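Once you've had a glance at the structure underneath, I'll fire off some questions.
The values are calculated or read from the model by the stated rules, or taken from the named source; none is laboratory data. Not measured: the values here are computed from a predicted model. In this analysis, Cβ positions are derived from the backbone assuming ideal geometry, glycine residues included, and neighbour counts consider all displayed protein chains.
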Amino acid sequence: MAVKKSESTGKKAASAAAKVLKDPKASKDAKVAAASALTQSKSTETTSAKAASSAAKVMRDPAASKAAKSAAASALTQKASKAGAKAPVKKATR
């Protein structure tokens, strides 16, 4: 079960995503990540596992454009976390 996220794609990331979708040289992974980010610009939907995987590939690709990486980062930010996943525990300081 996934937890809903409240984030949505911002104007700059949505613009970058649109640029990627129009780019004939953009990779399939870049376009999947961009489509996911753009879909979430006006909704609270979360990034699917497939789109998150594509976005992660784009982030690791040194040849990916700045626009592709921006769209991929936005898509990854909106990936639903798994229910029951625990946040890292911070040590108390005195």
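From the list Ala26, Ala64, Ala33, exactly one residue is part of a helix (DSSP H, G or I) and in contact (Cβ under 8 Å) with a residue 12 or more places away in the chain. Which is it?
Numbers: Ala26 fails: part of a helix (DSSP H, G or I); Ala64 fails: part of a helix (DSSP H, G or I).
Of the residues listed, the single one that is part of a helix (DSSP H, G or I) and in contact (Cβ under 8 Å) with a residue 12 or more places away in the chain is Ala33.
Pick from Thr9, Thr47: which is of a type outside the set (A, V, I, L, M, F, W, C) and without any contact (Cβ under 8 Å) to a residue 40 or more places away in the chain?
Result: Thr47 is the single residue among Thr9, Thr47 that is of a type outside the set (A, V, I, L, M, F, W, C) and without any contact (Cβ under 8 Å) to a residue 40 or more places away in the chain.
Which of the numbered conditions does Ser27 fail, given that it passes all the others? Conditions: (1) farther than 10 Å from Ala71 by Cβ; (2) within 14 Å of the chain's Cα centre (by Cα).
Of everything listed in (1) farther than 10 Å from Ala71 by Cβ; (2) within 14 Å of the chain's Cα centre (by Cα), Ser27 misses just condition (2).
Under the condition of being part of a helix (DSSP H, G or I) and farther than 14 Å from Thr77 by Cβ, which residue from segment 1-23 is modelled with the lowest pLDDT?
First, the residues of segment 1-23 that are part of a helix (DSSP H, G or I): 11-22.
Then drop every residue that is not farther than 14 Å from Thr77 by Cβ, which leaves 11, 15, 18-22.
Details: Lys11: 89, Ser15: 93, Ala18: 95, Lys19: 95, Val20: 96, Leu21: 96, Lys22: 97.
Checked segment 1-23; the qualifying residue modelled with the lowest pLDDT is Lys11.
Could I ask something else about it? Can you confirm whether Ser41 is under 15 Å from Thr77 (Cβ atoms), surrounded by 14 or more Cβ atoms within 10 Å (Cβ to Cβ), at pLDDT 90 or above and among the polar types (S, T, N, Q)? Spell out the reasoning first.
Numbers: under 15 Å from Thr77 (Cβ atoms): yes; surrounded by 14 or more Cβ atoms within 10 Å (Cβ to Cβ): yes; at pLDDT 90 or above: no; among the polar types (S, T, N, Q): yes.
Here the answer is no, as Ser41 does not meet what is asked.
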